[in-house]
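Everything below concerns the one structure shown next.
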Amino acid sequence: MNSLFYQKNSSRNIGDKVFTSLSLICVFIAILPLIFLVTYILIKGGAQITPELFTLEPNPPGDDLDAGGINPALIGTLIITTIASIIAIPVGVGGGIYLAEYSKGGPFSRFIRFGVNVLAGVPSIIAGVFIYALIVSTKILFGSMYSGLAGGMALSILMLPTVIKTTDEGLKLVPNELRYASLGVGASMYTTILKITLPSAFRSIATGVVLGIARAAGETAPLIFTALFSYYYITGFGDLFYEMGSLAVLIYNFALEPYDAQNKLAWAASFILVLSILSVNIFSRIFAAFTEKTKRV
Amino acid sequence: MIKNTKKAQKNHILSLEDVSISYGKFEAVKNIFCNFKKGDITSLIGPSGCGKSTVLRSLNRMNDLIPNCSLKGTVLFDGTNIYDKRVDPVEVRRRIGMVFQQPNPFPKSIYENIAFGARINGFVGDMDDLVELSLKKAALWDECKDKLNNSGYSLSGGQQQRLCIARTIAIEPEIILMDEPCSALDPISTLKIEETMHELKKNYTIIIVTHNMQQALRVSDMTAFFNAIEYENGDGGKVGYLAEFNSTKKIFSSPKEKTTQEYISGKFG
C-alpha cells in the first residue's frame, strides 16, 4: 500500500513542480517586454518633459539647438480620436445592439459577426490606404486632401470592431430573465433595450469603448496616409480640413531624423503617448469597478 | 380590437383550441383544448417535459422570444386569436402579465421596479399611490414601505418574487400567468405568495404552473394535468398532451384517468 503522505520524489510530483516552474518562467518572459518598454520610455522620455513641450510648435529639423514642443501633435491626437469616437461609437453600439438583441442568429448575423472579426484583424495600414483612396485622393471632402477629418475616419474603422464586439458581448451577458421581465410588463423591444438591457450592460460597453479609443490613439500607419503631419498650431475649426499632426506620426517622423534634438522630442512624445494610453486603461478599470459598486446599492 | 367570428363563451376569458407547439421540428405539446374561466385560479401540473411551461408561455406570446418556436391552433383571449397576424404581442403582454420562476426584479429601486411598467404603459395619475396599492396587493407594503428607494436586489428571494407580482399588478392586467413562482422559495415565502394569490383572485384570473401538488390543491379552483407520451414512431422523443382537466377537487379526489391518479399519488413524475 502507498502511504497517504506527500512524496517529494515521486515522478508525478516532480513532473508537477517542473511544469509549474515552466509556466511561471513563461509568464515572466511574457511580461518582460512590457516592463522594459515602459521603464525605458519613462526614463528616456521622462527626462525630456518641460512645460514648453506642451505649449510650443515643433521646430523643423535641421536647427539642432532647440526642437520646440509637441502642442499641435497633442491637440491633433485629441481631435482625431474624438472624430473617430464620434463616428465609431454610435455606429458600433447600434450594430452591437442589432447583433445581440434583434438578430436571431441566422446566416446574416453570423456573416456580420464574421465580418467584424475580419475587420478587427485588418492591418491598420490597410484602413489608412482605404481612406486615402476613398477620401484623400478623390478630394471628396470640400476639395481638401490630407486632413484631420480623414485621419479620424481611418481610426474609426479600427475602433469599430472593438466597439461592436464589446457591445454585442456585453449585451449577451445580460440575463434573459431581465428581458422577459421587461417584456412581461408590456414593454416594447425598444423600451426594453433602452431602459433595461443597455443600462445593465453599460459597464462592459464603456470599457470596450475606452479600450477602442486607446487602441486608435496610438495608431500611426493609418494617419500617415490620411492626416499626414503638421508643424503648426491648430487655431480653428477650418484646420480640420488640412494636414494635422498627431503624437504617433510625430514619433515616426522625428525618431528617424539624424538630429539629436528631434530624437529627444520623439522620446518625449512617446512618453506622453504611453502614459496617456496607460492612464486611459487604468481609468477604464477604475470606472468599471466604481460602477460595479454603485449598481447594486 | 380585432373580433374573431367565433364567440368565446361568456365566462371563458382564455381558450385554447387545438393548440400544438413545436420547437423547430420537435413537437412539444399537441392538440390542447382548454378553457380558462374568468376569476378562477387554474393550475397546470404534470411531470417534467410535458410542456406545461410551454403552454403557459404561449398564453401571452412569450414563446415568440424563443427562436424556432411555433404554434398551430388558436388561442382566444377576449374573443380574439392572439396569434392572429395583426395582433401586437406587446399589447397582449400588457393585458396578460407574467411572473417567472426565478424572481427577476429590475436593477432599479423598489419604487422604480413598479413604476417602470406603469410608466411605459402610459399611466397617468399618482404614481406614489399606485406603488403603494400594488405593494399592498402583493402583501409586501409593510415590509418595504420604509425603503422604497433601496434596490430591488436588497430584498430576500420571497420578497423579490412578491415585488415581481406587485410589478405585474401595477400594469392592471386581466390575467396573471405564474411559472412555478414558488419553486425557488422557502415554505414561509411560498405560503405568503399563496395568500397573495387568494387576495388577487378577487380581481384577476390566475394561471399557475406548479410542481407542487399540495400547492395546486391549496390555491386552485381548476387543475389541468399534462402528461407526455412517446412518439408513435418510437424514436424515444416525447410529446406533451392535456390528459385531464377538471375542478381541482375532482382531479385530486376522483380522477378519471389512470395516469392522473398515478401522478397525484406520486407513482411517477
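For the pair A:Cys26/B:Lys85, report the inter-label distance in nm, with labels modelled 7 Å from Cα in the Cβ direction.
My value for the distance between the label points is 5.9 nm.
Please report, in debye to the nearest 20, how large the charge dipole of the range A:69-172 is about its Cα centre when each Lys and Arg carries +1 at its beta carbon and each Asp and Glu carries -1 there. Before the final figure, lay out the partial values.
Values: 6 positive and 3 negative charges, 39 e Å.
It works out to roughly 180 debye.
Quickly work out the B:Asp146-to-B:His198 label distance, labels modelled 7 Å from Cα along the C-beta direction, and quote it in nm with one decimal.
2.8 nm
Only four residue types carry charge here, +1 at the Cβ of Lys and Arg and -1 at the Cβ of Asp and Glu. Report the dipole size of the range B:60-217 about the Cα centre in Debye, rounded to the nearest 20. Let's see the in-between values first.
Details: 18 positive and 21 negative charges, 77 e Å.
It works out to roughly 360 debye.
Each residue of the range B:71-86 in order: what ³J(HN,Hα) in whole Hz does its phi give by Karplus 6.51 cos²θ - 1.76 cosθ + 1.60, θ = phi - 60°, with x for Gly and Pro?
10, 10, x, 10, 10, 8, 10, 6, x, 10, 6, 6, 9, 4, 4, 7
Counting partner chain Cβ atoms within 10 Å of every residue's Cβ in B:83-94, what's the average? Please list the in-between numbers first.
Numbers: counts 0, 0, 0, 0, 0, 1, 4, 8, 2, 1, 8, 4.
Per-residue shielding by partner chains comes out at 2.
Would you work out the charge dipole size for the protein assembly as shown about its Cα centre, treating the Cβ of every Lys and Arg as +1 and the Cβ of every Asp and Glu as -1, and quote it to the nearest 20 debye? Walk me through the numbers on the way to the answer.
Working: 54 positive and 48 negative charges, 425 e Å.
Charge dipole of the protein assembly as shown: 2040 debye, to the nearest 20.
List the residues of the range B:110-143 whose backbone N lies under 11 Å from a point placed 7 Å from the Cα of B:Asp221 along the Cα-to-Cβ direction.
none
Let me know the mean shielding of B:100-107 by other chains, meaning the per-residue number of their Cβ atoms within 10 Å of its Cβ. Kindly include the intermediate steps, with their values, before the conclusion.
Numbers: counts 4, 1, 4, 2, 9, 3, 8, 7.
Mean inter-chain Cβ contacts per residue within 10 Å come to 5.
Among B:Pro105, B:Ser58, B:Leu76, which residue has its Cα positioned farthest towards the positive end of the charge dipole of chain B, with +1 placed on the Cβ of Lys and Arg, -1 on the Cβ of Asp and Glu, and the dipole taken about the Cα centre?
Toward the positive end, the furthest listed residue is B:Leu76.
What does the structure give for A:185-195 when I average, per residue, the other chain Cβ atoms found within 10 Å of the residue Cβ? Let's see the in-between values first.
Details: counts 18, 18, 9, 6, 3, 1, 4, 2, 0, 0, 6.
For peptide A:185-195, the averaged partner shielding equals 6.
Counting pairs on different chains as well as pairs 8 or more places apart, how many Lys pairs in the range A:53-195 have Cα atoms under 27 Å apart?
Details: A:Lys104/A:Lys165; A:Lys104/A:Lys172; A:Lys104/A:Lys195; A:Lys165/A:Lys195; A:Lys172/A:Lys195.
The result is 5.
How much length is gained if the chain between A:Leu194 and A:Lys172 is pulled fully straight, taking 0.36 nm per residue apart and subtracting their Cα-Cα distance, in nm to one decimal?
On the way: separation 22, 0.36 × 22 = 7.92 nm, distance 1.47 nm.
So the extension gain works out to 6.4 nm.
Which three lengths, in whole Å and largest first, does the protein assembly as shown cover when its Cα atoms are put on their principal axes?
Principal axes ranked by extent give 104, 80, 57 Å for the Cα atoms.
Most mobile of A:Gly68, A:Gly170, A:Gly106 per a Gaussian network model of chain A (Cα springs, under 10 Å)?
A:Gly106
Could you give the distance between the Cα centres of the range A:166-188 and the range A:86-151, to the whole Å?
Centre-to-centre (Cα) distance: 27 Å.
Using a 10 angstrom cutoff on alpha carbons, build the Gaussian network for chain B and name the most mobile of B:Arg162, B:Arg119, B:Arg93.
B:Arg119
Pop out the ³J(HN,Hα) list for the range A:255-269 in order, Karplus 6.51 cos²θ - 1.76 cosθ + 1.60 with θ = phi - 60°, rounded to Hz; leave Gly and Pro as x.
5, 8, 5, x, 9, 5, 4, 5, 4, 5, 5, 4, 5, 4, 5
Full-extension gain between A:Ile125 and A:Leu37, please, as 0.36 nm times their residue separation minus the C-alpha to C-alpha distance.
Length difference between fully extended and current span is 29.4 nm.
Over chain A, calculate the relative contact order: mean separation of alpha carbon pairs under 8 Å at least 6 apart, over the residue count, as a percent.
On the way: 393 pairs, mean separation 76.9, N = 297.
Averaging sequence separation for qualifying contacts and normalising by length gives 26 percent for chain A.
Taking amide H positions as placed in the peptide plane 1.01 Å from N, state which residues far from B:Val209 in sequence (5 or more) or on other chains have amide H under 5 Å from it.
B:Leu44, B:Met178, B:Asp179, B:Glu180
Which residue, chosen from A:Asn59, A:Gly46, A:Ile224, occupies the Cα position most advanced towards the positive end of the dipole of the protein assembly as shown, where the dipole is computed from +1 (Lys, Arg) and -1 (Asp, Glu) charges on Cβ about the Cα centre?
The one lying farthest along the dipole's positive direction is A:Ile224.
Using amide H atoms built in the peptide plane, which far-off residues or other-chain residues are under 5 Å from A:Asn59 H to H?
So A:Asn59 has HN proximity to A:Gly68, A:Gly69.
Using Cα-Cα distances under 8 Å and only pairs 6 or more residues apart, what relative contact order does the range A:38-101 have, in percent? Don't skip to the answer; put the middle values down first.
Details: 34 pairs, mean separation 13.2, N = 64.
Relative contact order here is 21 percent.
Given the peptides A:40-48, A:203-211, arrange them by the average over their residues of other C-beta atoms within 10 Å, most packed first. Could you put the intermediate results ahead of the total?
Working: A:40-48: 15.3, A:203-211: 19.8.
Sorting A:40-48, A:203-211 by mean packing, highest first, produces A:203-211, A:40-48.
How much length, in nm to one decimal, is gained on full extension between A:Lys8 and A:Ile286, taken as 0.36 nm per residue of separation minus their Cα-Cα distance? If you can, show how the numbers build up before the last one.
On the way: separation 278, 0.36 × 278 = 100.08 nm, distance 4.35 nm.
Between A:Lys8 and A:Ile286, full extension yields an extra 95.7 nm.
Where is the GNM fluctuation largest for chain A (alpha-carbon springs, 10 angstrom cutoff): A:Leu194, A:Leu78, A:Leu240?
It is A:Leu194.
From the residues A:Phe114, B:Ser254, A:Ser144, which one has its Cα farthest along the dipole of the protein assembly as shown in the positive direction, the dipole being from +1 and -1 charges on Cβ of Lys/Arg and Asp/Glu about the Cα centre?
B:Ser254
Residue by residue through the range B:109-115, what is 3J(HN,Hα) from phi via Karplus (6.51 cos²θ - 1.76 cosθ + 1.60, θ = phi - 60°)? Round to whole Hz and write x for glycine and proline.
5, 4, 4, 5, 4, 7, 5
Which residues' amide hydrogens lie under 5 Å from the amide hydrogen of B:Glu174, considering only partners 5 or more residues apart or on another chain, with H built in the peptide plane?
Amide H to amide H, under 5 Å and 5 or more residues apart or across chains, B:Glu174 pairs with B:Ile96, B:Gly97.
Which whole-number percent is the relative contact order of chain B (Cα, under 8 Å, 6+ apart)?
25 percent
FYI, it's all coordinate maths here, none of it is from the lab. Everything quoted here is computed from the prediction, not taken from an experiment. Neighbour counts are summed over all protein chains in view; Cβ atoms, including those assigned to glycine, are modelled from backbone coordinates with ideal geometry.
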